[in-house]
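Working notes for the structure below.
The values are calculated or read from the model by the stated rules, or taken from the named source; none is laboratory data. Note that the structure is a prediction, hence the values are computed from the model and not measured. FYI the Cβ positions are ideal-geometry reconstructions off the backbone, even for glycines, and counts take in every protein chain you see. Keep in mind that these areas ignore ligands, DNA and RNA; they rest on the heavy atoms of the full protein, side chains included. Shrake-Rupley method; radii C 1.70, N 1.55, O 1.52, S 1.80 Å.
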Amino acid sequence: MGVVYIGDRSVGKTHLAFELANPQGQYVKVCNLNYDNLKPIFLQPDGTARATSTIDNRTLDVQVQLSTGRSQVSVEWIDPPGEIFRVPWQLEHPSEWNSFLETVRQSEGILLVLPPYREILKPDVNPETYITQEQWSNRFDRWTKFFSYDCPKARHILICLNMADLFSDHLDKEAQTLAFNPYGTQLNWLQRHIYVRDRYFFFVQSHLEEINRIRGVSGLSVRCFITSIYNRTLLELPWIYLASYLGN
């Protein structure tokens, strides 16, 4: 079963995937995509990511160095436009929506990328383009229902608060705390989840618990991460997690 990669509009989904293919990685390598060849496809001349207007399907062959050796994950990357979860888009594109749902319903891994909320931003970041924590929480209701009812085979649900460089004054320190080291001691995955959840997702903890309660699936893991294209350690962590449980 595949991994579905989704998120809100203008949250940096494409840029995250593009940077994952950067050959200057630590433990994660994308074997089937060339970083330089992807630049004109994913990025505009000014270096910003191109907006996704249609559902793009790509395969990512992700190789991860774990403590038990190398693990390979073949990811069916379905990069939909952020509008896909809005009813008007679904009504205008019924065949694409139904095809997307069919894939989601067969997937074991779901990776959701979300933007930061206004209250968490650093003082030098303009807050006007970001929603408030209350609005963020209300919108998360939609994701709670989605995970609870539209992802019946999902065993690993990863929720990534992206653009960590906009809200963390100590990004390198956070990365050091959460870092993965295949040959040494570090936090385990549950400890990482609790650390991130309690610092950045505390106000939707009841939603996370609701996903587990409604699904009632033995072995279901909902895990929280923070990500940034400017910190390779944080960028790689969700993929290392997926390789740990879904890799070959």
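Given Cα pairs under 8 Å that are at least 6 residues apart, what percent is the relative contact order of the chain?
Once normalised by length, the contact order is 24 percent.
Using alpha carbons only, the radius of gyration of the stretch 129-176 set against its Kirkwood radius gives Rg/Rh = 1.08. Rounded to the nearest 20, the size of the Cβ-charge dipole of the stretch 3-246 about its Cα centre is 580 debye, with Lys and Arg at +1 and Asp and Glu at -1.
Do any of 13/122; 39/173; 13/153 go past 28 Å between their Cα atoms, and which?
39/173
Residues 156, 170 ordered from highest to lowest accessible area at a 1.4 Å probe: 170, 156.
Rolling a 1.4 Å probe over the heavy atoms of the protein chains gives the stretch 3-246 an accessible area of 47 Å² per residue. A simple spin-label model places the labels of residue 206 and residue 9 2.9 nm from each other, with each point 7 Å out along Cα-to-Cβ.
All Cα-Cα distances of the stretch 17-124, cut into 10 Å bins from zero to the largest, leave 11, 33, 35, 19, 2 percent in each bin in turn.
Summarise the accessible area of the chain (1.4 Å probe, protein heavy atoms) by the percent that is carbon and sulfur.
Carbon with sulfur: 46 percent of the solvent-accessible area.
Extension gain, residue 32 to residue 173: 0.36 nm times the residue separation minus the Cα-Cα distance gives 47.6 nm. So which aspartates and glutamates can residue 29 reach, going by Cα to Cα under 18 Å and dropping same-chain residues fewer than 8 places off? By straight Cα distance, residue 29 reaches 19, 61, 76, 236. Using only Cα positions of the stretch 91-248, each an equal point scatterer, no hydration layer, compute I(q)/I(0) via Debye at q = 0.10, 0.15, 0.19, 0.20 Å⁻¹ and quote the log10 values to two decimals. Result of the Debye calculation: -0.39, -0.88, -1.30, -1.39.
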